[in-house]
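Notes follow once the structure below has been shown.
The values are calculated or read from the model by the stated rules, or taken from the named source; none is laboratory data. Bear in mind the structure is a predicted one, so any value in this text is a computation, not a measurement. FYI the Cβ positions are ideal-geometry reconstructions off the backbone, even for glycines, and counts take in every protein chain you see.
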Amino acid sequence: MISFDRVSKRYENSHDALREVSFDIAPEELVFLTGHSGAGKSTLLRLIMLMERPSRGRIVVGGQDLTALSRRSIPRHRQSIGVVFQNHKLLLDRPVFDNVALPLHILGFDDRDIDRRVHAALDKVGLLERVHAMPLSLSGGEQQRVGIARAVVGRPRILLADEPTGNLDPELSADIMQLFVDFSRVGVTVLIASHDLALISRLRHRILTLREGRLVQAGPNGNDEPDA
Amino acid sequence: MEADASPAAWLMAGNRSGLVQARPRRTRTVDRWRAWRRHHRQSAADSLARVLHQPLASLLTWLVIGVALALPSGLWITLDNLARVGGAIDSPATLSLFLEDGTGVSAGEELAVRIGARADVQGVRFVPRDEALADFVDQSGMGDLLSGLPDNPLPHLLVVEAANGNEATISVLEGEFRGLPAVEEVVVDALWLRRLQAIMGLARRAIGFLGALLIGAVVLVVGNTIRLTIEGRRDEVVISKLVGGSNAFVRRPILYTGLWYGFGGGICAALLVALGILALRTPVAALAATYESRFELIGLGLVDSLQLALVGAFLGLLGAWLAAARHLRDIEPE
């Protein structure tokens, strides 16, 4: 579902964020991406989101070669991916319902479908009763769950999460991670960037470890040797 | 957090193949058309609500646009009214031939017959000096003053009506009449009308130029307001693009914002013009009455007002489009 083939990313200041990174993620697989701060986790997710273009190498997502994708095709690519951001990226002047409904408006669903899907997504993350609340009246954990609801409401094929438990307490973090596990079980390919090794090692899924832009481990529970 | 008997059961129900169908099944053109129309409706309503949510700022924008549109519109209406004045007085071109002092009545009448026989003259009226004085006393109200004069200072007059108002014909007639020995002075009575028409032609050009400048100003005002709107909605634009919103999707509410500003400005302009006409109608009618005229100022009708509002809406849309094209492209998720 996601394939990186010798992908490098060098910024204008000559900083190499990624160096010759190669890996494959199968459909419906849940994979953790870990590494220290600045190791390249966010850059890798940004490349999948086409917020950046690779300097070298080839990225294929859902059979689509992203390196050959035109600028005009970027919105359609992003519509097929759900993303959860560490800083939530919610519209603070809109209620929870509108935030979660945004991808559905973009996809062109009608009002009845939007209402049904938003309620379903909020129910899944346990926020059905906060549907009319404003984001600033929610706790950090609740805001994160609104972000997750928005990411899954369009039932994407791929779910990306960048440090989704970054500022949450351990119990809430475990709940959030369980949501991602649930989604992978029903057919979503999930890639989660996280530096919470203690939490992700308990979940026993494949871990990709980045160090200074290089992939140093890629295997079940991070036990394999580097492949790059 | 999860309850399978709840609405979430649908989200997670998933047979696996079902879950990956993220897109609505809207492959048919009619479905895409419905989605597009729905988003237009939502964008229009949402942007109108946002404009109305800031009544003072919106009112100021509307007034600026309104004044800019009202100025050329008001001047144009003034010209139209002046044209009506000119049209009302527009008559076949006439030439007044003032005869030499020593010319007698019979010579004057004879000359009138000769001139009246010309093919390029439609009619001639001989006005003896006594009749001319009587008319003047009657119309000027200066009878006492004139009765004190030792002699009638007015000459005999021939009023010649040209067969057509063509300027070349009038010019030929004027030249020929000036050459007649009995004629001291020739005055083309349509001259003032020609001057008025020339002035109005000039004024139309000037108003057209002023209008173009002010239309440019409206586009710039809306463009700048929209630039600020885009800055204020930067997060929304970024987040929409992050979750798959196209440039057209994020541009749509911005365009409607410009349209509402322009439409409101157009309505303001129509109101300002109507107020101006209302304020001037009575004094203009009073002035016209002194000329025994029933002339009345005519302002914008309902259709004209609606057209002005639509012109405002179009200019607002244009300003918003230019601003969106310039600024939205630069806002990308980082």
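Inside the stretch B:155-184, residues that are touching a helix residue (DSSP H, G or I) at 6+ places or on another chain (Cβ under 9 Å) and exposed (fewer than 13 other Cβ atoms within 10 Å of the Cβ) make up a count of 2. Can you go through A:128, A:122 and tell me which one is within 11 Å of another protein chain (Cβ to nearest Cβ) and surrounded by fewer than 24 Cβ atoms within 10 Å (Cβ to Cβ)? Exactly one of A:128, A:122 is within 11 Å of another protein chain (Cβ to nearest Cβ) and surrounded by fewer than 24 Cβ atoms within 10 Å (Cβ to Cβ), namely A:128. The residue that is nearest to the other protein chains (Cβ to nearest Cβ), among those in the stretch A:177-195 that are part of a loop (DSSP other than H, G, I, E, B) and touching a residue at least 40 places away in the same chain (Cβ under 8 Å), is A:187. Note on the stretch A:146-164: residues that are over 22 Å from residue A:109 (Cα atoms) and either buried (at least 24 other Cβ atoms within 10 Å of the Cβ) or without any contact (Cβ under 8 Å) to a residue 12 or more places away in the chain (or both) amount to 3.
Restricting attention to the stretch B:224-250, the residues that are surrounded by fewer than 23 Cβ atoms within 10 Å (Cβ to Cβ), within 18 Å of residue A:109 (Cβ to Cβ) and touching a Pro at 6+ places or on another chain (Cβ under 7 Å) add up to 1. Looking only at the stretch B:314-329, residues that are hydrophobic (A, V, I, L, M, F, W, C) and closer than 16 Å to residue B:63 by Cβ come to 1 in all.
One line per residue, one yes/no per condition, for (1) touching a helix residue (DSSP H, G or I) at 6+ places or on another chain (Cβ under 6 Å); (2) more than 23 Å from residue B:37 (Cβ to Cβ); (3) of a type outside the set (D, E, K, R); (4) within 12 Å of another protein chain (Cβ to nearest Cβ):
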{"site": "A:49", "(1), (2), (3), (4)": "no, yes, yes, yes"}
{"site": "A:62", "(1), (2), (3), (4)": "no, yes, yes, yes"}
{"site": "A:77", "(1), (2), (3), (4)": "no, yes, yes, yes"}
{"site": "A:80", "(1), (2), (3), (4)": "no, yes, yes, yes"}
{"site": "A:86", "(1), (2), (3), (4)": "no, yes, yes, no"}
{"site": "A:94", "(1), (2), (3), (4)": "no, no, no, yes"}
{"site": "A:102", "(1), (2), (3), (4)": "no, no, yes, yes"}
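Taking the numbered list (1) in a helix (DSSP H, G or I); (2) closer than 28 Å to residue B:44 by Cα in turn, residue B:281 passes all entries but (2). Looking at the stretch A:1-111, the helices (runs of 4 or more DSSP H) lying wholly inside it that each contain 2 or more residues that are among the aliphatic types (A, V, I, L, M), out of contact with any Pro (no Cβ under 8 Å at 6 or more places or on another chain) and buried (at least 20 other Cβ atoms within 10 Å of the Cβ) sit at A:41-48, A:96-107.
Only one of the numbered conditions (1) loosely packed, with under 14 Cβ neighbours inside 10 Å; (2) modelled with pLDDT under 85; (3) charged (D, E, K, R) is not met by residue B:205, and that is (2).
Out of the residues in the stretch B:186-202 that are of a type in the set (A, V, I, L, M, F, W, C) and assigned to a helix (DSSP H, G or I), which is modelled with the highest pLDDT? Selected residue: B:202. Here residue B:235 meets each of (1) touching a helix residue (DSSP H, G or I) at 6+ places or on another chain (Cβ under 9 Å); (2) under 30 Å from residue B:45 (Cβ atoms) with one exception, condition (1). One residue stands out among those in the stretch B:56-101 that are at pLDDT 85 or above and not in a helix (DSSP H, G or I): the one that is surrounded by the fewest Cβ atoms within 10 Å (Cβ to Cβ), which is B:101. Would you call residue B:171 within 14 Å of chain A (Cβ to nearest Cβ), of a type in the set (Gly, Ala, Ser) and assigned to a helix (DSSP H, G or I)? It is false that residue B:171 is within 14 Å of chain A (Cβ to nearest Cβ), of a type in the set (Gly, Ala, Ser) and assigned to a helix (DSSP H, G or I). Filtered by the rule that a residue be within 11 Å of chain A (Cβ to nearest Cβ) and among the hydroxyl-bearing types (Ser, Thr, Tyr), the stretch B:196-249 gives B:240, B:246.
Quick check on residue B:135: is it within 26 Å of residue B:109 (Cβ to Cβ) and either assigned to a helix (DSSP H, G or I) or at pLDDT below 85 (or both)? In short, yes.
For the stretch A:40-55, check the following and say yes or no: at least one residue is among the acidic types (Asp, Glu) and in contact (Cβ under 8 Å) with a residue 12 or more places away in the chain.
Checked the stretch A:40-55: at least one residue is among the acidic types (Asp, Glu) and in contact (Cβ under 8 Å) with a residue 12 or more places away in the chain.
Among the conditions (1) farther than 19 Å from residue A:177 by Cα; (2) facing chain B (nearest Cβ under 8 Å), residue A:155 misses just one, which is (1). Taken as a whole, the structure places residue A:143 among residues that are modelled with pLDDT of 85 or more and more than 10 Å from every other protein chain (Cβ to nearest Cβ).
Restricting attention to the stretch A:158-176, the residues that are farther than 17 Å from residue A:79 by Cα, within 11 Å of chain B (Cβ to nearest Cβ) and in a strand (DSSP E or B) add up to 0. Only one of these conditions is not met by residue A:187: (1) more than 23 Å from residue A:64 (Cα to Cα); (2) in contact with a Gly (Cβ under 7 Å, 6 or more places away or on another chain). Which number is it? Exception for residue A:187: condition (1). Taking the stated definitions as given, is residue B:297 of a type in the set (A, V, I, L, M), part of a helix (DSSP H, G or I) and either buried (at least 17 other Cβ atoms within 10 Å of the Cβ) or in contact with a helix residue (DSSP H, G or I) (Cβ under 8 Å, 6 or more places away or on another chain) (or both)? Against the criterion (of a type in the set (A, V, I, L, M), part of a helix (DSSP H, G or I) and either buried (at least 17 other Cβ atoms within 10 Å of the Cβ) or in contact with a helix residue (DSSP H, G or I) (Cβ under 8 Å, 6 or more places away or on another chain) (or both)), residue B:297 does not qualify.
Listed conditions (1) without any contact (Cβ under 8 Å) to a residue 60 or more places away in the chain; (2) within 11 Å of chain B (Cβ to nearest Cβ) are all met by residue A:66, apart from (2).
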